[in-house]
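Please read the structure below before turning to the comments.
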């Protein structure tokens with residue numbers, strides 16, 4: 001039962017992550033192109 | 001039900017790879033860590049899953065993926081040298097059959113660590129592979145953590161998803177990895193974009209970190225406790241409110257002690273009284289044997305060379321009768337004992353050349369992550385906040401591994417080799433995006449040619 005819960009939870013999250021990844025263009029190319037000086041992202045990374 | 005679920009999951013992941021071949025690389029990481037073909041005995045166990053995903057990952061990269069931005073770093077060259085050297089020692093091994101068995105998984109782990117950085121061309125890919133590594137390990141850790149919390153732990157008796165002591169399913173190794181990924185969990189919760197900052201993400205990260213803390217307790221692995229201690233001290237370096245952190249840590253520790261099972265505290269007490277502990281005495285005897293062995297065989301004896309050892313060690317047992325304690329010492333003889341240390345494993349199996357290469361690989365990782373940390377930690381621009389914390393997390397995980405490897409034979413742990421692959425990928429990615437603008441670079445590259453061409457032109461004139 002515990003094993004099943006752990007497997008279902010982590011695999012569910014892995015599947016969701018994979019689904020989100022295939023829809024993101026920045027998986028294969030950083031926004032702004034490869035030749036940019038600095039990385040620029042669609043969403044700025046959250047500040048600490 | 002589990003069989004069908006895992007089968008559908010793996011097939012789904014492979015199918016998504018047709019849209020984005022990088023997902024096959026992630027699928028390999030997942031298969032290598034979780035080994036779903038061992039969890040499921042029917043559908044997945046009947047196909048050579050590991051081979052299929054590796055072929056898909058490599059083929060996808062070779063045929064479809066854009067190579068722009070892929071760089072070969074010198075640490076990958078070190079891995080190549082180590083691979084070739086291990087291949088050589090396997091050919092001349094003391095125990096050819098056993099050496100061939102170990103070689104059959106070591107070479108795959110090394111080849112993947114060399115290959116992985118070539119695919120990590122974007123920030124999102126670096127994050128994705130970190131997330132998949134953490135979530136895959138979490139599948140084992142969450143189940144182990146809950147079982148421990150429910151009182152199901154014990155040295156060598158915590159029932160994990162697979163009962164075969166390979167890979168992360170070995171108790172001490174899992175304890176080390178569980179502690180090592182805590183910094184990565186924190187990084188993903190703070191800087192992740194696949195699962196962006198949200199209270200549910202924070203809650204999951206906290207629960208997972210707690211499950212990670214449970215693993216050294218559940219497996220009763222003493223190395224796990226040592227790793228935890230080292231992590232607690234190292235985390236002080238980046239903690240903002242150090243005093244508060246130390247106070248809270250001490251309080252949590254005091255609060256946790258009454259809840260620890262007696263078998264756990266008993267076992268941890270043997271860290272002090274190691275003379276009466278067979279496991280510790282065996283280690284010292286095996287290490288002494290390895291030191292002598294490598295004196296005669298400086299190039300190493302190939303994988304599993306420890307099988308040739310015959311050791312004799314003193315064991316002291318204290319017997320308490322009433323108020324008097326009597327110490328009895330006896331000699332124990334043993335043969336074919338494993339190294340119980342990554343460093344001695346490397347020394348005995350690959351000799352001095354192998355150990356030097358391996359140590360160089362480890363030290364250069366710590367150094368590169370430190371350099372990234374220093375270079376990026378004061379930057380404040382958008383998209384410049386995640387680099388230093390990730391380098392810090394990868395460095396902490398690496399230190400935890402190096403501490404764990406003192407007492408566990410995990411010199412070629414595939415999870416850690418993957419982590420080294422991520423380090424190489426991050427290093428090469430940041431070096432590339434932080435380089436001067438290409439037009440300036442071209443100018444610099446052309447300038448010597450132009451200078452060299454100038455006298456010729458003058459001569460022509």
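The values are calculated or read from the model by the stated rules, or taken from the named source; none is laboratory data. Small disclaimer: the values here were computed from a predicted structure and weren't measured. Cβ atoms come from the backbone with ideal geometry, glycine included; neighbour counts cover every protein chain shown.
Key figures for this structure:
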read-out: Residue within the stretch B:98-116 that is within 14 Å of chain A (Cβ to nearest Cβ), part of a helix (DSSP H, G or I), farther than 24 Å from residue B:182 by Cβ and in contact (Cβ under 8 Å) with a residue 24 or more places away in the chain present; value: no
read-out: Filtered residues of the stretch B:1-35 (kept if facing chain A (nearest Cβ under 9 Å) and under 16 Å from residue A:8 (Cβ atoms)); value: B:1, B:2, B:5, B:6, B:9, B:12, B:13, B:30, B:34
read-out: Helices (runs of 4 or more DSSP H) completely within the stretch B:1-61 that count 1 or more residues being at pLDDT 90 or above and over 18 Å from residue B:136 (Cβ atoms); value: B:2-16
read-out: Condition check for residue B:141: surrounded by 23 or more Cβ atoms within 10 Å (Cβ to Cβ), in contact with a helix residue (DSSP H, G or I) (Cβ under 8 Å, 6 or more places away or on another chain), within 11 Å of chain A (Cβ to nearest Cβ) and farther than 23 Å from residue B:247 by Cα; value: yes
read-out: Complete set of residues in the stretch B:56-77 that are surrounded by fewer than 20 Cβ atoms within 10 Å (Cβ to Cβ), within 23 Å of the chain's Cα centre (by Cα) and away from chain A (no Cβ under 14 Å); value: B:58, B:72, B:73, B:74, B:77
read-out: Members of the stretch B:344-356 found to be surrounded by fewer than 20 Cβ atoms within 10 Å (Cβ to Cβ) and either over 23 Å from residue B:87 (Cβ atoms) or within 20 Å of the chain's Cα centre (by Cα) (or both), listed by number; value: B:356
read-out: Test: residue in the stretch B:321-331 that is modelled with pLDDT of 75 or more and either within 27 Å of the chain's Cα centre (by Cα) or closer than 23 Å to residue B:222 by Cβ (or both); value: no
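Each row is one residue, and each column tells you yes or no for (1) buried (at least 17 other Cβ atoms within 10 Å of the Cβ); (2) modelled with pLDDT under 50.
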| position | (1), (2) |
| --- | --- |
| A:3 | yes, no |
| A:11 | yes, no |
| A:18 | yes, no |
| A:22 | no, no |
| A:32 | no, no |
| A:39 | yes, yes |
| A:42 | no, yes |
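Residue-by-condition table, conditions (1) buried (at least 24 other Cβ atoms within 10 Å of the Cβ); (2) in contact (Cβ under 8 Å) with a residue 40 or more places away in the chain; (3) within 24 Å of residue B:173 (Cβ to Cβ); (4) in contact with a strand residue (DSSP E or B) (Cβ under 6 Å, 6 or more places away or on another chain):
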| position | (1), (2), (3), (4) |
| --- | --- |
| B:375 | no, yes, no, no |
| B:381 | no, no, no, no |
| B:388 | no, no, no, no |
| B:404 | yes, yes, yes, no |
| B:408 | yes, yes, yes, no |
| B:423 | yes, yes, yes, no |
